[in-house]
Amino acid sequence: MGEMMPRFLKSTEYRERRAEIISYNKEHRWRKRGLGLCIMEYQIGYFGQYPATVAIYHSDGTVVVSHGGIEMGQ
């Protein structure tokens with residue numbers, strides 16, 4: 001995270017955008033803009049084996065991918 005954040009802030013021009021938003025909000029009494037940043041880091045453990053199979057059918061070139069993975073979501 002310590003190495004990633006400075007690169008992220010620079011590549012997205014976060015500070016410049018934030019300054020523009022502050023300026024906009026000072027000029028507009030009733031209409032406001034915002035910009036937020038939330039940093040999260042958490043460990044995910046994977047247990048077990050998750051096999052995968054790729055089958056390519058000769059007759060029509062169809063590719064089928066089967067896997068035993070898990071959708072972790074957000």
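Structure summary
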read-out: Selection count where residues are acidic (D, E) and modelled with pLDDT of 90 or more, scope segment 3-18; value: 2
read-out: Verdict on L9 being exposed (fewer than 11 other Cβ atoms within 10 Å of the Cβ) and farther than 30 Å from S66 by Cβ; value: no
read-out: In segment 54-64, residue farthest from M4 (Cα to Cα) [restricted to those that are touching a strand residue (DSSP E or B) at 6+ places or on another chain (Cβ under 9 Å) and either in a loop (DSSP other than H, G, I, E, B) or modelled with pLDDT under 90 (or both)]; value: Y57
read-out: Filter result (surrounded by 10 or more Cβ atoms within 10 Å (Cβ to Cβ) and either touching a Ser or Thr at 6+ places or on another chain (Cβ under 7 Å) or of a type outside the set (S, T, Y) (or both)) within segment 17-44; value: R17, R18, A19, E20, I21, I22, N25, H28, R33, L35, L37
read-out: Residue within segment 29-49 that is closer than 30 Å to S66 by Cβ, part of a strand (DSSP E or B), hydrophobic (A, V, I, L, M, F, W, C) and at pLDDT below 95 present; value: no
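The values are calculated or read from the model by the stated rules, or taken from the named source; none is laboratory data. Fair warning: this is a prediction, and the values are worked out from it, not measured in the lab. Cβ atoms come from the backbone with ideal geometry, glycine included; neighbour counts cover every protein chain shown.
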